[in-house]
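Undergrad: I'd like to ask you about the structure that follows.
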Amino acid sequence: MGSVLRKRPIGIQMTWSQLLASDRWIFVLSVVFSLLLYGGTLNNGYSIDDYLVAENLEMVNQGVSGIPEILTTYYGETDLGNPFEYRPITRITFALERSLWGEILWVSHFINILMYALLVFVVFQFFLSLMGSQYKTLLLLTSFLFLFHPIHSEVVCSLKNRDEILSLLLAFCSGMLLIKFVKKKSALLMIGSSLLFILSLATKPGQLPLVGVIVLGLLLFQKRPLKDLIWAGLPFFILTASYLATVIHFFPQWWRLDYAYEENSLDFLSGFSERLPTAFVALTHNIRMLIWPHPLSFFYGHDHISVAQWSDGIVWIGVGALVVLTLGFFGLIKKHPIVSFGIGIFIMSVSPFLNVIGAVAGIVAERWLLAASIGFCLILAYLLLGLLQSSKLRLAGVSLILLLLVLSSVRIISRIPDWKSSRTLVYKDVETVPRSFVPNFLAARFYLEDSELADDPDEKERLLRLSFRSNEMLVDICIKKARFLRRCTEQSLQLGENGKAVGYAMRLFEEGGNKLDHSVAAMQTLLTLSEAQNGLNVSKQASYIHPGRFQPLVYQGNFYLMLGDTAKAIDVYQIAMNTQDAQPRIQDYIDQLKKAYSVE
């Protein structure tokens, strides 16, 4: 057998490592595995937040002709009605799609997959150029661990989150040119690097830490003096800063300035010291999700991620984790620079999303770990290669790698159907993060809409109860409860739970009685359920809170009638007739009452 193998042509004797020596095979494998893992997304439609980049967005539907509007328009609008951020590039990619082949969603998802595969390949090339060819096997394993990491399903499955992939892809391409510039000092390389980085920022801001990653890598693996790196990076900094200054001039709210409380309750705290404990909770969450990416959710936020206090145990777990990471970074930098580099990548990439410098929607999110996961995968690959280099542990190392890839594949493939539509995602994730505002807010709306379309009475009631459950949770977790108390009042009445309806009506008035429409909703429910005494008390208070308004006085008269005091009812009706918004038909009703009960 051995002699036969020796006589084979050289081309047939190619080993696996020789096969992968050609970088094009690495890209081909990235595409193949990305398609195998994420091919199921081709059956998916639009989902959460896709309206920001493509769904029913007229400037995108116009195709190429809509690009001027895209380039001169803010990215979105906050709940308070303020515009925020400037991110035109992702929208432009969808506008180009519309011009080329129209609105074909499977093609859009296919492009997401191809971009992800290209990102995997560029990750490999970037770190190869930074660290050197002696680390090629390590970086190959790192890239494929990155490709298979389940946390990236939250990016690849979402059309909106194309911005995460494209932004990081452009930043890494910029980084490769910047590394070449450090070596060759070519003006064209600097200009190209700066332009790509500017495009990355115009896709989504947040890749600035990559500059720190490049500096750290050059210091560790190419032993470049820091002074030389600073001078080499100065033109890059000037060009990037000029872009940011220009954008901020024309789009002064380039950086989002306000959040709803339910998006990020930390934004309502006054000081750095108040936000810091929750930053450690976020750090702990991010580390756990990289190690064990389950369960996954499209949104966390208030109150699944609550404002933490220094007395909370999980805060000190986060403090301990940061101490370990810091000591590991400095302690291993000479003997195990790969581990230090991985820690540095993770810390630099995750730091903008810890709500210390500024707020981010949702407090934590899987999509923000796209770059940070590279550091984790680098360290994991380094440890796994250590096992493979030992003859005694090689089998265990291979088995562990295969187990990781199988488990990751199962997790990714099982997550894809959740992203089929906004409804499927919300219905899944509201169970995963039952105290999170956004999933409950959307679930309450979606279940109600579905119940209104259901023909089967039992199914209609089931869906209505699910909507009611989410609204009850919103009452529990929200600071401003009135609108959700009103929904609970209405839905408990629909479900025939009269006791709950009375309780919610009373709470609605207590919480939101300063608004006339909430007062009216509470009084109407009490009137419907013949809660005369409670209704009279509420209507009297409503008349005091809203003096000179017609409706509270009419309800007060109705409750007096319910209690059998016709004379007082007539007196209140007559007062109501003197209000600015009085309805003339009440005068006819007063006359009928007087006649029926012989009241003068």
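The values are calculated or read from the model by the stated rules, or taken from the named source; none is laboratory data. These numbers were taken from a predicted model, which means no experiment stands behind them. Don't worry about glycine lacking a Cβ; one is built from the backbone with ideal geometry, like all the others, and counts go over all protein chains shown. The area values use the complete protein model at the heavy-atom level, side chains included, leaving out ligands, DNA and RNA. Shrake-Rupley method; radii C 1.70, N 1.55, O 1.52, S 1.80 Å.
Undergrad: With N residues in region 31-78, what two-decimal value do you get for its Cα radius of gyration over 2.2 N^0.38 Å?
TA: Taking N as the residue count of region 31-78, the ratio is 1.52.
Undergrad: Scan the chain and report its longest stretch carrying no trypsin sites (Lys or Arg not before Pro) that are both in a DSSP loop and have at most 13 other Cβ atoms within 10 Å.
TA: Here the longest segment lacking exposed loop sites spans 1-184.
Undergrad: Could you tell me the calculated FRET efficiency between Gln533 and Leu80, based on Cβ-Cβ distance and R0 = 51 angstrom, to the nearest 0.05?
TA: On the way: r = 40 Å, r/R0 = 0.79.
It comes out at approximately 0.80.
Undergrad: Taking one equal scatterer on every alpha-carbon of region 170-251, how large is log10 of I(q)/I(0) by Debye at q = 0.15, 0.18, 0.24 1/Å?
TA: Values, matching the q order: -0.50, -0.71, -1.19.
Undergrad: How far apart, in nm, are the 7 Å Cα→Cβ label points at Lys480 and Phe268?
TA: Label-label distance for Lys480 and Phe268, simple model: 0.9 nm.
Undergrad: Efficiency by 1/(1 + (r/R0)^6): what FRET value for Leu332 and Thr137, r their Cβ-Cβ distance, R0 = 22 Å, to the nearest 0.05?
TA: That pair, Leu332 with Thr137, gives E of 0.65.
Undergrad: How large is Rg over Rh for region 76-146, taking Rg from the Cα atoms and Rh as the Kirkwood inverse mean of 1/r across Cα pairs? Don't jump to the answer; show the numbers that get you there.
TA: Numbers: Rg = 18.0 Å, Rh = 15.2 Å.
My calculation of the ratio gives 1.18.
Undergrad: I've got another one for you. I want to check the label-to-label distance for Leu257 and Ala245. Put each point 7 Å from Cα in the C-beta direction and report it in nm to one decimal.
TA: According to this spin-label approximation, the distance is 2.1 nm.
Undergrad: For region 341-400, divide the Cα radius of gyration by the Kirkwood radius and give the resulting Rg/Rh value with two decimals.
TA: 1.20
Undergrad: Let me ask something else. Step by step: find N for region 125-281, compute 2.2 N^0.38 Å, then divide the Cα radius of gyration by it. What's the final number?
TA: Details: Rg = 18.2 Å, N = 157, 2.2 N^0.38 = 15.0 Å.
Normalised Cα radius of gyration, region 125-281: 1.21.
Undergrad: Please work out the FRET efficiency for the pair Leu208 and Val28, using the Cβ-Cβ distance as r and a Förster radius of 41 Å; give the result to the nearest 0.05. Could you put the intermediate results ahead of the total?
TA: Values: r = 32 Å, r/R0 = 0.79.
The calculated FRET efficiency here is 0.80.
Undergrad: Amide H of Gly76 versus every other amide H placed in the peptide plane: which residues, excluding those fewer than 5 positions away on the same chain, fall under 5 Å?
TA: So Gly76 has HN proximity to Phe84.
Undergrad: Over the Cα atoms of region 324-455, compute the convex hull volume and normalise it per residue, giving Å³.
TA: It comes to 145 Å³ per residue, whole-number rounded.
Undergrad: Can you check what the Kirkwood hydrodynamic radius comes to for region 232-385, Cα pairs only, in Å to one decimal? Present the calculation step by step, with values, prior to reporting the outcome.
TA: On the way: mean 1/r = 0.0581 Å⁻¹.
It works out to 17.2 Å.
Undergrad: Can you give the translational diffusion coefficient of region 422-565 in µm²/s, computed by Stokes-Einstein from the Kirkwood radius over Cα pairs at 20 °C and 1.002 mPa s?
TA: 134
Undergrad: Cα centroids of region 267-296 and region 86-154: how far apart, whole angstrom?
TA: Going from one Cα centre to the other spans 27 Å.
Undergrad: At 1.4 Å probe size, with the rest of the protein present, what percent of the exposed accessible area of the chain is carbon and sulfur atoms?
TA: Details: 17740 of 27980 Å².
That share works out to 63 percent.
Undergrad: Whole Å is fine, so just give me how far the alpha carbon centre of region 412-426 lies from that of region 469-490.
TA: About 26 Å separates the Cα centre of region 412-426 from the one of region 469-490.
Undergrad: Report D for region 152-214 in µm² per second (integer): Stokes-Einstein, Kirkwood Rh on Cα pairs, 25 °C, 0.890 mPa s. Display every interim value, and only then the final one.
TA: Working: Rh = 12.0 Å.
For these conditions, the coefficient is 204 µm²/s.
Undergrad: Taking only protein heavy atoms and a 1.4 Å probe, what accessible area per residue, in Å², does the chain have with all protein chains in place?
TA: 47
Undergrad: Shape of region 441-501 from its Cα gyration tensor (a ≥ b ≥ c, root eigenvalues): rounded if a/c is under 1.5, otherwise prolate when a/b > b/c, or oblate?
TA: Judged from the Cα gyration tensor, region 441-501 comes out oblate (a/c at least 1.5, b/c at or above a/b).
Undergrad: What area, in nm² and to one decimal, does the C-alpha convex hull of region 220-317 cast on average over all directions?
TA: Reported value for the Cα convex hull: 10.6 nm².
Undergrad: Then there is this: Using only the Cα atoms of region 83-198, build the gyration tensor, take square roots of its eigenvalues as a ≥ b ≥ c, and label the shape rounded, prolate or oblate: rounded if a/c is under 1.5, else prolate if a/b is larger than b/c, else oblate.
TA: Since a/c reaches 1.5 but b/c is at least a/b, the shape of region 83-198 is classed as oblate.
Undergrad: Oh, and also: Figure the gain on full extension for Leu226 and Lys515 (residue separation times 0.36 nm, minus the Cα-Cα span) and round it to one decimal in nm.
TA: 97.8 nm
Undergrad: Can I ask one more? Tell me what the chain gives for mean residue ellipticity at 222 nm when only DSSP H runs of n ≥ 4 count, each as -39,500 (n - 2.57), the sum divided by the residue total, rounded to 500 deg cm²/dmol.
TA: -22000 deg cm²/dmol
Undergrad: Relative to the present Cα-Cα distance, how much length would full extension add between Leu234 and Gln587 at 0.36 nm per residue of separation? Don't jump to the answer; show the numbers that get you there.
TA: Numbers: separation 353, 0.36 × 353 = 127.08 nm, distance 8.11 nm.
Roughly 119.0 nm would be gained on extension.
Undergrad: State the extension gain, in nm to one decimal, for the chain segment bounded by Val398 and His294, taking 0.36 nm per residue of separation less the distance between their alpha-carbons.
TA: Working: separation 104, 0.36 × 104 = 37.44 nm, distance 2.36 nm.
Residue separation times 0.36 nm, minus the Cα-Cα distance, leaves 35.1 nm.
Undergrad: Continuing with the same structure: With viscosity set to 0.890 mPa s and temperature to 25 °C, compute the Stokes-Einstein D of the chain, Rh being the Kirkwood radius across alpha carbon pairs; µm²/s, no decimals.
TA: Answer, rounded: 88 µm²/s.
Undergrad: Looking at the calculated P(r) for region 482-600, what percent of the C-alpha pair distances fall above 17 Å?
TA: 54
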